[in-house]
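Okay, structure first, notes after.
Derivation of every value follows stated rules applied to the coordinates shown; laboratory data play no part. Just so it is clear, the model here is predicted, and its values are computed rather than measured. Backbone-built Cβ (ideal geometry, glycine too); neighbour counts: all protein chains shown.
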Amino acid sequence: MDRRLPSFVYKTKICVICEGDEVVLYGNPCTMDIIVKHWGDIDLKSPAKKVNSPIIEQYTGVKQYRAKHEQIMEIMKFITEENYVFMKDRVAKRSSNDNEKNSSNFDIFANNMERLDDDWIDEINKVLEN
């Protein structure tokens with residue numbers, strides 16, 4: 001299969017982050033921004049892990065966050081069904097326009113993951129194959 005990204009309106013910025021276990025989604029400025037949404041309506045100002053490390057530590061106790069596998073597994077212990085619902089609500093309030101700061105398509109992804117069918121995966125694969 002030929003691996004290509006779908007076309008974006010503006011080719012100057014592609015907001016795709018591939019982080020962990022083959023998961024592909026975008027979350028400006030980063031997936032850490034989505035993670036902290038589990039605990040509050042926090043908008044990270046930078047994608048830099050060094051800048052956001054104190055915020056991650058505040059909510060999870062994980063020090064000097066660098067997205068290492070062990071750190072990710074430790075953070076996942078603090079994500080619950082209850083705070084997942086809050087995160088989804090907070091992320092859904094964001095624009096899904098990839099040209100806007102702090103936009104995210106994560107709510108679309110989460111909603112698709114909660115579907116009983118997996119037709120959405122085939123739809124994405126068709127776009128990537130063309």
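Things to note:
- Once both labels are positioned 7 Å from their Cα atoms along Cα-to-Cβ, the gap between Lys68 and Asn97 label points is 4.1 nm.
- Treating r as the C-beta distance of Arg115 and Tyr59 and R0 as 22 Å, the FRET efficiency rounds to 0.15.
- Out-of-range pairs (alpha-carbon distance over 20 Å; input Lys37/Lys101; Lys37/Lys63; Lys49/Lys93; Lys77/Lys101; Lys37/Lys88): Lys49/Lys93; Lys77/Lys101
- 3J(HN,Hα) along the range 85-98, derived from phi through the Karplus expression 6.51 cos²θ - 1.76 cosθ + 1.60 where θ = phi - 60°, amounts to 4, 5, 4, 4, 4, 5, 5, 4, 6, 7, 5, 9, 6, 5 Hz, with x in place of Gly and Pro.
- Under Karplus coefficients 6.51, -1.76 and 1.60, residue-wise ³J(HN,Hα) of the range 46-53 in Hz, glycine/proline x: 8, x, 6, 4, 4, 5, 8, 3
- Sites Lys50 and Lys77, calculated FRET efficiency, Cβ-Cβ separation with R0 22 Å, nearest 0.05: 0.45
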